[in-house]
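Asks: Got a structure for you, written out below as structure tokens; questions coming shortly.
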Amino acid sequence: MDDKQARNGIVLTEAQKKSRRQRSIAIALALGVLVVLFFAVTIVKGPAVLVRPI
Amino acid sequence: MSIVEHHIDLATPRISEAEVADFIALLKPRVMSLVIFTALVGLVIAPVHVHPVLAFTSILCIAVGAGASGALNMWYESDIDALMSRTANRPIPRGRIAPQEALTFGMTLAFFSVMTLGILVNWIAGSLLAFTIFFYVVIYTMALKRWTAQNIVIGGAAGALPPVVAWAAATGSLSVEPFLLFLIIFFWTPPHFWALALFRSDDYARAGVPMLPVVAGPDATRLQILLYTIVLVVVAVAPWPLGYFDAVYGVTSLALGCGMLAFAINVYRRREGRKALRATRSLFAFSILYLFMLFATLLIEVVARAVAPSIW
């Protein structure tokens, strides 16, 4: 480890930054889909959404 | 000896360069597409009206659950994947994703798919999906695959469950019809995978996986393929005379079954050289078409009945 790297901590390469950004966007989209899904099913089922017989 | 040169040093911390495409590859998209299709058929043949949002939610959860199983399978099998030419390009042996990342990814998807299906649809379907993932990962991948030549026979149950899960999602209960679909996929699995194993037996032998051609030899495998194909054809036609599916399905199943049987007989008879190789490849390819056409017939029947009930 050289002096510059020691001062700055771990420095991401461009490839690492790019792939991290891609993964972050994918996670955000997946969470968005989950939220929309729960919202849509709540609207479709109405109060019955709380009735969940085993 | 590994046939790939990329290895991840787990002892030192690393920053992932895995891209979204690598994680998608972990989901085994081709297997997932078959799961989605068979689950869709299980859903639409159910004798109830399912709201499109709930139908979409069910299929999405089943698809994600199947993807989770694929990711966990690749996590556990990364050592033998590196030894086989068919699997050496998967993200873990290629060094794109660390095994720990695949494990976390798979467990997260498994948790969310089961919980979402259980909470939003019903817990019978959620429990069945959890059992399917457990069966594929623990029973098939961890226990059976490296232990017995019957691995894909018993493990085939996991691949046969998606239409049952979908039926349970639609109706909230179980019945004979999804069990019939289960049996068709269950008995389809051995001829399909043993055909693959016949022309990939060197791969499996190198990795130490006791597939039937490696353990019992190609001739015994050819006989087993033929026997299972006979059972498959009978099981696939049976719902017609039993009154569960109608004549269009019955005749299609009979015609496709004759084709499947012809390919299996060809595999049994041709044992040497390029003709033998071509016969096994042909059976493998036709088996995919066979299952697709069989389930597509059921799907088309339901759609035709909905579009033109008086004609049908």
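The values are calculated or read from the model by the stated rules, or taken from the named source; none is laboratory data. This structure is a prediction, so every number in the text was calculated from the model and none was measured. Note that we place each Cβ from the backbone using ideal geometry, even for glycine, and neighbour counts take in every protein chain shown. Note: accessible area is taken over every heavy atom of the protein model, side chains too, but ligands, DNA and RNA are not part of it. Shrake-Rupley method; radii C 1.70, N 1.55, O 1.52, S 1.80 Å.
Asks: Got a sec? Which helices (runs of 4 or more DSSP H) wholly within segment B:78-197 have at least 1 residues that are of a type in the set (S, T, N, Q) and within 18 Å of B:THR38 (Cα to Cα)?
Replies: Filter on segment B:78-197 gives B:99-120, B:123-134, B:162-171.
Asks: Please indicate, with yes or no, whether at least one residue in segment B:85-93 is within 19 Å of the chain's Cα centre (by Cα) and either closer than 24 Å to A:ALA26 by Cα or within 14 Å of chain A (Cβ to nearest Cβ) (or both).
Replies: yes
Asks: Restricted to segment B:267-284, and to residues that are free of Cβ contacts under 8 Å to residues at least 60 places away in the same chain, part of a helix (DSSP H, G or I) and open to solvent by 50 Å² or more (accessible area, probe 1.4 Å), which residue is nearest to B:ILE230 (Cα to Cα)?
Replies: B:TYR268
Asks: Please state which of the following conditions B:VAL64 fails to meet, knowing it meets all the rest: (1) within 13 Å of chain A (Cβ to nearest Cβ); (2) without any contact (Cβ under 8 Å) to a residue 24 or more places away in the chain.
Replies: Against the list (1) within 13 Å of chain A (Cβ to nearest Cβ); (2) without any contact (Cβ under 8 Å) to a residue 24 or more places away in the chain, B:VAL64 comes up short only on (2).
Asks: Select, from B:THR221, B:THR148, B:THR229, the only residue that is polar (S, T, N, Q) and closer than 22 Å to B:LEU72 by Cβ.
Replies: B:THR148
Asks: So B:ARG96 fits all but one of (1) within 14 Å of another protein chain (Cβ to nearest Cβ); (2) buried (at least 21 other Cβ atoms within 10 Å of the Cβ); (3) at pLDDT 95 or above; what number is the exception?
Replies: (3)
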